[in-house]
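First comes the structure, then the notes that go with it.
The values are calculated or read from the model by the stated rules, or taken from the named source; none is laboratory data. Only a predicted model underlies this, so the values are computations on that prediction, with no experimental measurement involved. Methodologically, a virtual Cβ is constructed for each residue, glycine included, from the backbone with ideal geometry; neighbour enumeration extends over all protein chains shown. Accessible surface is based on the protein model in full, side chains and every heavy atom, while ligands, DNA and RNA are left aside. Shrake-Rupley method; radii C 1.70, N 1.55, O 1.52, S 1.80 Å.
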Amino acid sequence: MSQDYRFQVNLGGMIDILSNHIYNSKDVYIRELLQNATDAVRARKKIEPDYQGNIHVSLTGSGENTTLIFEDNGIGLTNSEVHAFLATIANSSKGSKSFDIDENDFIGRFGIGLLSCFIASPEIVLITTSARNHETTEWRGKADGTYQVRTLDTAGREPGTQLFLRAKTDLILDGSCFEADILKETLIKYGAMLEVPIIFDDDQVLNEETQIYANKAALQNCSSEEILQLGRELLHQDFTDYFYIENNTGETFGIAYILPYAVQMTAKQHHTVYLNRMFVTATNDNLLPTWAFFTRTLLFTNELQPVASREDFYKNDILKQTATSLGAALKNGLVNLEPKKLDKLIATHYVAFKSVATEDEEFLRFIYPFLPFRTLDGEEKLKDITERSSTIYFTHSVDDFRQVRDLARNRGFELINGGYTFDTKLLTMLMDMIPGVKLEMAEPDRFAGDLESLDRETDAEHATLLTYLNQEMRQYDVEIALRKFEPEDLPMLFINPSSTQFYREMERSAEESNPLFGSIIDSIRQNVELPPQSTLYLNFQNPVIQKLFTQKRSPEKMLIIVESLYIQALLLGHYPLKQKERTLMNQNYLQLLDQIGNVAE
């Protein structure tokens, strides 16, 4: 027959786990003490509305005898509450409803916060006087899991709690809070927004100027300079732009500061969150969307549920709903930015925005009107381009854009250079997304197909010469053709299909690589289907081409000019020359110099 047994718990080991391993930051015992003191003040205020609470923190002694003292004039604990809440792990007065107030009014709820003090001290001494029965109790807890409780005769003592921590002799922490400057800095870090005054040693109120910002109405009424100063004080950074955000319940709200410099999209987000006015984290990454990388946000919430360490939040439906509505608020804040501020923001972060948009269609639908693209008239926002025309062409690469920009300009086409990072992918995604606008990818030969052919008589007149020129130019994988097109001052148009560009680049890379790598590239090229030839269109309406084909000269001299036009077209299109093209360029210059020399003589 089976028998039930109870788990045996090593209290010393449990306290070690709770105090040394559950928290990421080793100064959190300061936060836990602030939380307990603030909750005690809030609880007393519920039964004494006119009462004014405060927290006093001080250091006494020196060296190994330094003692940290936390004092509050809150509700205190009775003797029975001391046994119930300080001696039972995971039993919290905040969750017990014993104070007859809403659980959400409290910061801490898990009944383990006080144990974090064992990070810094081997013993916790607590003296508390209850506002209910005015009895005073002393509690001494040790890291080995033992504690002592006794009732003190302190007639007339004001309600509240004193807590004493003496530093461990072997204390090794990243900045000891038993040093005045570090303690003061830590108190501000965790308690800057608390409504209860935190008085440090010399009667200085540390949170007097900052506590108002956790009040939504007060925050919304602050001046721009006050908001920017808040960012400097709490986030330790200078900002120039920001906007206010809040979720749909209004219980989570704050300021989204805009970073004045570009950041990596993969960098960890740094959003600072206060729960019930208490600092929780400066690195939250699940309350705002991934595309919020361009902000550092200061948030205040009264509705999220903290995890046991109170350094993050439960990933539950409330968190999801809050994150969704904050994302919507962030979009709304962007849209409603002043035009100059929005332009500045986009100019700083547009590459990152484009990257995120390629992976997030919802974000793309929101951000695309504001994204800049290169057009025939320089960089423009897509919103401005779509307002001018309902049909917009875009090229796959910078090379394609260079080939057809003059033709597109002359024909009044709207043309976007899609050769920059993320642009082609974004424009392809947007093809069916923008109401009333047709986006179409334009290969260079799409424009070449509209070039005007010569009349039959003129075409026949130059057919023999063109045949000769094409035979000679075949070695460069280019075909020569005569056409008429605008503008007239454009003598030639070089059309190089994308597949041909790739094949050409492979050949050039093989030439410039070492023999081993070059042979590998050549082997790959042999297995690639031969692409169509490039075409050099000569504009028969251009005076140079007219003179070239109408004056009597030998085919060999004609070839020199056509070869020069070909090299010029490559250079204008920013195509790196292959070895035989560099050789051709030098030969032509030499031949031209020889001809000039012969004429001079």
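Applying the selection to region 399-428, what residues are touching a strand residue (DSSP E or B) at 6+ places or on another chain (Cβ under 9 Å) and among the basic types (Lys, Arg)?
Within region 399-428, 402, 405, 409 qualify.
Would you please name the residue that is farthest from residue 494 (Cα to Cα), looking only at residues in region 381-392 that are open to solvent by less than 60 Å² (accessible area, probe 1.4 Å) and in contact with a Lys or Arg (Cβ under 8 Å, 6 or more places away or on another chain)?
Among those that are open to solvent by less than 60 Å² (accessible area, probe 1.4 Å) and in contact with a Lys or Arg (Cβ under 8 Å, 6 or more places away or on another chain), it is 391.
With the structure loaded, tell me whether residue 256 is surrounded by 18 or more Cβ atoms within 10 Å (Cβ to Cβ), under 18 Å from the mean Cα position of the chain (by Cα) and within 30 Å of residue 353 (Cβ to Cβ) or whether it fails that test.
Details: surrounded by 18 or more Cβ atoms within 10 Å (Cβ to Cβ): yes; under 18 Å from the mean Cα position of the chain (by Cα): yes; within 30 Å of residue 353 (Cβ to Cβ): yes.
It is true that residue 256 is surrounded by 18 or more Cβ atoms within 10 Å (Cβ to Cβ), under 18 Å from the mean Cα position of the chain (by Cα) and within 30 Å of residue 353 (Cβ to Cβ).
Sort out which residues of region 162-210 are modelled with pLDDT of 95 or more and of a type in the set (S, T, N, Q), and write them in order of number.
162
Quick check on residue 395: is it modelled with pLDDT of 90 or more and either out of contact with any Lys or Arg (no Cβ under 6 Å at 6 or more places or on another chain) or surrounded by fewer than 16 Cβ atoms within 10 Å (Cβ to Cβ) (or both)?
yes
Hey, could you check region 127-150 for residues that are hydrophobic (A, V, I, L, M, F, W, C) and assigned to a loop (DSSP other than H, G, I, E, B) and say which is farthest from residue 36 (Cα to Cα)?
Applying the filter and picking the extreme gives 143.
Just to be sure I understand the filter: pairs with C-beta atoms under 6 Å, separated by 6 or more residues or on different chains, first member in region 117-139 and modelled with pLDDT under 90, second member open to solvent by less than 10 Å² (accessible area, probe 1.4 Å). Which pairs pass?
Going by the 6 Å Cβ cut-off, the qualifying pairs are 117/29; 117/124; 117/165; 118/19; 119/19; 119/29; 120/29; 121/165.
Among the residues of region 238-253, what is the count of those that are surrounded by fewer than 14 Cβ atoms within 10 Å (Cβ to Cβ) and under 16 Å from residue 277 (Cα atoms)?
The qualifying residues number 1.
Can you name the number of the only condition in (1) more than 30 Å from residue 422 (Cβ to Cβ); (2) open to solvent by 40 Å² or more (accessible area, probe 1.4 Å) that residue 309 fails?
The single condition residue 309 does not satisfy is (2).
Would you please name the residue that is nearest to residue 347 (Cα to Cα), looking only at residues in region 202-251 that are touching a Gly at 6+ places or on another chain (Cβ under 6 Å) and in a loop (DSSP other than H, G, I, E, B)?
So the residue we want is 239.
Pairs only if they're at least six apart or on different chains, beta carbon under 7 angstrom, first in region 346-363 and among the basic types (Lys, Arg), second open to solvent by less than 10 Å² (accessible area, probe 1.4 Å); list them, first residue then second.
Partner pairs satisfying both residue conditions: 354/371; 354/426.
Could you please give the count of residues in region 442-452 that are among the aliphatic types (A, V, I, L, M) and assigned to a helix (DSSP H, G or I)?
Result for region 442-452: 1.
Could you please give the count of residues in region 264-291 that are of a type in the set (Val, Ile, Thr) and open to solvent by 40 Å² or more (accessible area, probe 1.4 Å)?
Qualifying residue count, region 264-291: 3.
Condition first: over 13 Å from residue 247 (Cβ atoms), open to solvent by 70 Å² or more (accessible area, probe 1.4 Å) and charged (D, E, K, R). Now tell me which residues in region 318-341 satisfy that.
Answer for region 318-341, where residues must be over 13 Å from residue 247 (Cβ atoms), open to solvent by 70 Å² or more (accessible area, probe 1.4 Å) and charged (D, E, K, R): 338, 340.
Does at least one position in region 449-471 carry a residue that is open to solvent by less than 70 Å² (accessible area, probe 1.4 Å) and within 40 Å of the chain's Cα centre (by Cα)?
no
Is there any pair linking a residue in region 171-196 that is closer than 15 Å to residue 29 by Cα to one that is modelled with pLDDT of 95 or more and β-branched (Val, Ile, Thr), with Cβ under 6 Å and at least six apart or on different chains, and which?
Within 6 Å, the pairs are 187/198; 191/198.
Which one of these is more than 23 Å from residue 324 (Cα to Cα), open to solvent by less than 10 Å² (accessible area, probe 1.4 Å) and in contact (Cβ under 8 Å) with a residue 60 or more places away in the chain: 235, 298?
Details: 298 fails: more than 23 Å from residue 324 (Cα to Cα).
Just a single option satisfies the conditions, and that option is 235.
Being under 27 Å from residue 308 (Cβ atoms), assigned to a helix (DSSP H, G or I) and aliphatic (A, V, I, L, M): is that true of residue 288 here?
Details: under 27 Å from residue 308 (Cβ atoms): yes; assigned to a helix (DSSP H, G or I): no; aliphatic (A, V, I, L, M): yes.
For residue 288, the condition - under 27 Å from residue 308 (Cβ atoms), assigned to a helix (DSSP H, G or I) and aliphatic (A, V, I, L, M) - is not met.
Pull up region 111-153, narrow it to residues that are hydroxyl-bearing (Ser, Thr, Tyr) and open to solvent by 40 Å² or more (accessible area, probe 1.4 Å), then point me to the one that is nearest to residue 45 (Cα to Cα).
This residue is 151.
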